[in-house]
1. Could you grab the pairs with beta carbons closer than 8 Å, sequence gap of 6+ or different chains, first residue in region 32-45 and at pLDDT 90 or above, second one outside any helix (DSSP H, G or I)?
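The values are calculated or read from the model by the stated rules, or taken from the named source; none is laboratory data. Fair warning: this is a prediction, and the values are worked out from it, not measured in the lab. Heads up, the Cβs are rebuilt from the backbone with ideal geometry, glycines too, and the neighbour counts pull from every protein chain shown.
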Amino acid sequence: MRIYQRLSSEAIRLKRIIYDFLFGLSTFDLYRETLHIARGYRDSLYMILLGEFLGIPFLSNYYTLRLLPYILGDLEAFKKRSLRERDILEIVGEFDAH
């Protein structure tokens, strides 16, 4: 019984390795670009809410208060990401030339 379990676990591991390889080969770049775009939209929303906190009325207060519980947990990461010093090469590296 132990040999069967060991072969089964090795087969599952091999299947996972093949799946990860094919995922990386075919769609990883698209997946990474999609996450980058989503982070940009989320950061734009945070900037609007930050402006609302400072007294610049972009949205209605009702909508701001409705959105606040959903994004409150990620607000600290946004602050760190937006206040981090960035080198010019990091900014240039985000643009594609094609």
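1. Hits for this filter: zero, empty list.
Okay, residues lined up against (1) among the hydrophobic types (A, V, I, L, M, F, W, C); (2) assigned to a helix (DSSP H, G or I); (3) farther than 24 Å from A77 by Cα:
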site	(1), (2), (3)
Y4	no, yes, yes
L7	yes, yes, yes
K15	no, yes, yes
F21	yes, yes, yes
L25	yes, yes, yes
D29	no, yes, no
G51	no, yes, no
F58	yes, no, no
